[in-house]
Amino acid sequence: MATDLIQLPAQSLRLGMTLPYDVYDAGGKLLYARGQVLRDSPLVRSLVEGGAWVRPEDTIEFQRARAHRLDTLVLQDKPLADIAKADSSFRLDTPPPTKVELGPREAWSDLLLRTHTLLREAQPADFRARLAQIRDAALKRLHAHPDATLMLHVFESSQEYADYSARHALLTLLLCELIARQLKLAPALCEALQGAALTMNYGAGEAHDRMASQSGPATAAQRQALSTHGDRAADRLAEVGITDPVWLTAVRLHHDAGPGPLAPRSEGEMLARLLRRIDIFGARLSPRRSRQAMSGAAAARAVFLDELGQPDEAGAALIKVVGLYPPGSIVRLANGEVGIVFKRGFSANEPLVAALIGKSGSPLSNPVPRDTRLASQAIAASLAPSELKLRVNLDALLRL
């Protein structure tokens, strides 16, 4: 790293801005000159995330510190020669501003951007380290606020199909972490499953996003291309330095791991089966331009029974940790209210719900917690996200 450069805090830059200073990489290479406009690209997005370096004298902090130093010398009645000398030799010794802690929704958006950028780069540098940073940031949120994190991710994933591949990767990661804890997987297997969750569609993100945004069903050519994307993803992961055979096997087989118990399988095949069921669950919760997202209960039914109509071990483990009505899903209560699940309950079918629409059909001024263990507040129906005709105040829900 060049010693005469300092790193800008994350979000100091923004897409479309005209640069007021030269921007460098950590090694001192000029990337964009003063006066250029930051157009959208993977490199620019990585700079927005906090990878930009500038000369200290170009920063506001430097200018303020220098002005304060010169004002002090003037007040001390120092000779002009000393003031000029101090001005020419002044250096900013204080560290750059610390990174601001993001709120839940901002952190989710930041993770989406970082995931999208990394998984789309043609020749990513430090792939494994950057992937680990994304993983750790997502899991830190999950472990600190599990239900709020699930509610936010499930609900936002159910609302739009833009950036489907990045959203799906992060949601799959969260669900894999929960199911790994439920099954008490060894730490090495947990790490392999987490990595596979984020990268199972590596290299196919653009194709997945295109399919999510098209108005018609997948074409024969698209289906053929996706039929082998597990192999291609594993091969590409090997090219960028992923050597864990369990991780690679899970990615390679995540569309081909058929029904049956988990115990007889190899470690890679077992993780592939878990990924397969979680992949289906997350996909059912997400919309496409050509179809609406399913209700939480419908998504749960899709994984509770296997391809042969028999109870599925992997699917049952998933439902046990997220419930029949996962946080972020929409339900109608026995009293006629409509709300969103914001916390898992003691049983799979009795979560806590925040009522959003009253019995009369009018929106409530604030979300009202309901305990579905009570008969009058029990869940009467699981609704598709599109059936909620209301702009949801997620910030108010997160405060619950």
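Scanning the stretch 215-229 for residues that are of a type outside the set (Ser, Thr, Tyr), surrounded by fewer than 17 Cβ atoms within 10 Å (Cβ to Cβ) and in a helix (DSSP H, G or I) turns up ALA220, ALA221, GLN222, ARG223, GLN224, ALA225. Selection of the stretch 366-379 for residues being outside any helix (DSSP H, G or I), closer than 15 Å to ILE340 by Cβ and of a type outside the set (Lys, Arg) yields ASN366, PRO367, VAL368, PRO369, ASP371, THR372, ILE379.
Every listed requirement among (1) more than 30 Å from LEU388 (Cα to Cα); (2) at pLDDT 95 or above is met by HIS229 save one, (2). The residue of the stretch 230-254 that is surrounded by the most Cβ atoms within 10 Å (Cβ to Cβ), among those that are in contact (Cβ under 8 Å) with a residue 24 or more places away in the chain and touching a Lys or Arg at 6+ places or on another chain (Cβ under 7 Å), is HIS254. The number of residues in the stretch 119-135 being at pLDDT below 90 and either under 13 Å from the mean Cα position of the chain (by Cα) or outside any helix (DSSP H, G or I) (or both) comes to 6. With respect to the conditions (1) within 30 Å of GLN182 (Cβ to Cβ); (2) modelled with pLDDT under 95, ALA221 falls short on a single one, namely (1). The residue list SER376, SER329, SER360 contains one member that is among the hydroxyl-bearing types (Ser, Thr, Tyr) and closer than 29 Å to ARG105 by Cβ, which is SER329. Can you work out which of the residues in the stretch 255-289 that are touching a residue at least 40 places away in the same chain (Cβ under 8 Å), outside any helix (DSSP H, G or I) and under 26 Å from SER329 (Cα atoms) is nearest to the chain's Cα centre (by Cα)? Ranking the qualifying residues of the stretch 255-289, first place goes to SER286. Given the structure, is ASP82 modelled with pLDDT under 75 and of a type outside the set (Val, Ile, Thr)? When the stated conditions are applied, ASP82 passes them. Please go through the stretch 375-387 and give me each residue that is over 14 Å from ALA300 (Cβ atoms), buried (at least 20 other Cβ atoms within 10 Å of the Cβ) and under 31 Å from the mean Cα position of the chain (by Cα), ordered by number. Within the stretch 375-387, PRO385 is the sole residue that qualifies. The C-beta contact set for the stretch 10-26 (first residue touching a residue at least 40 places away in the same chain (Cβ under 8 Å), second residue of a type in the set (Gly, Ala, Ser), distance under 9 angstrom, 6+ apart or interchain) comprises ALA10/GLY50; ALA10/GLY51; GLN11/GLY50; SER12/GLY50; SER12/ALA52.
When each of LEU173, LEU193 is tested for being surrounded by 20 or more Cβ atoms within 10 Å (Cβ to Cβ), in contact with a helix residue (DSSP H, G or I) (Cβ under 6 Å, 6 or more places away or on another chain), free of Cβ contacts under 8 Å to residues at least 40 places away in the same chain and of a type outside the set (Asp, Glu), the lone residue that passes is LEU173.
The values are calculated or read from the model by the stated rules, or taken from the named source; none is laboratory data. Keep in mind the model is a prediction, meaning the values are calculated, not measured. Positions of Cβ are backbone-derived with ideal geometry, glycine not excepted, and every protein chain shown enters the neighbour counts.
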